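See structure below.
Read-outs: derived from the displayed coordinates by stated rules, not from any lab. From a predicted model like this one, the values you see are computed outputs, not experimental measurements. Methodologically, a virtual Cβ is constructed for each residue, glycine included, from the backbone with ideal geometry; neighbour enumeration extends over all protein chains shown.
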Amino acid sequence: MAEGTSKHASGATLPAPAASERVELARLALTHALAVDGVVRADAGPLGRRVTRDGSERLAGVTAIVLSDDRYGMTLHLVARVVPLHLLAHGIRARIQRGAARAGLEHALGPIDIVFEDVAELTGEAV
C-alpha cells in the first residue's frame, strides 16, 4: 500500500486523512527546533506527557494548544548544549516562524515558548 493511503473495510484504498493544522504546526516546530545547532534533543518529560498526539502519531517534546484567537501556541521542551540559551531560543523561534511562513501556516502560529529542560555536555550527556 502506498504511503499516505489507508485500506477501507470494503477493500478500497483511500487517501489517509490529512494531519490537522495543530499537528502540522507541532511537527514543523519540532523539526525546525531540532535542526538548530545547539539543540541536542527534545524531551517528553519523565512521564512522557510533553507530547502532541494525533491518532497514532506522537510528537515528543512539543505541546500545541489552541488559543482564544484560533491560533496555536507551541511549547518546546528541549535539551541544549552549553551555549547562550537566550540567543538559542531566539534562533529557534525565528527558524520556526520562517518555516511556518514557507508552509503557509503563519496565520495559525501563535506564541512559541522554549523550555530548556536540561543542558548537555559536548558528549551529549545531560549535566
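The shape of segment 19-120 comes out oblate: with a ≥ b ≥ c from the C-alpha gyration tensor, a/c is at least 1.5 while a/b does not beat b/c.
3J(HN,Hα) couplings calculated from phi for segment 103-118 with the Karplus curve 6.51 cos²θ - 1.76 cosθ + 1.60 (θ = phi - 60°) are, in sequence order, 8, x, 10, 4, 5, 9, 8, x, x, 10, 9, 10, 10, 8, 6, 6 Hz; Gly and Pro show x.
Neighbours of A103, meaning other residues whose beta-carbon lies under 11 angstrom from its beta-carbon, give a summed charge of 0 when Lys and Arg score +1 and Asp and Glu score -1. Between A103 and L47, the FRET efficiency from the beta-carbon distance, with R0 = 25 Å, is close to 0.20.
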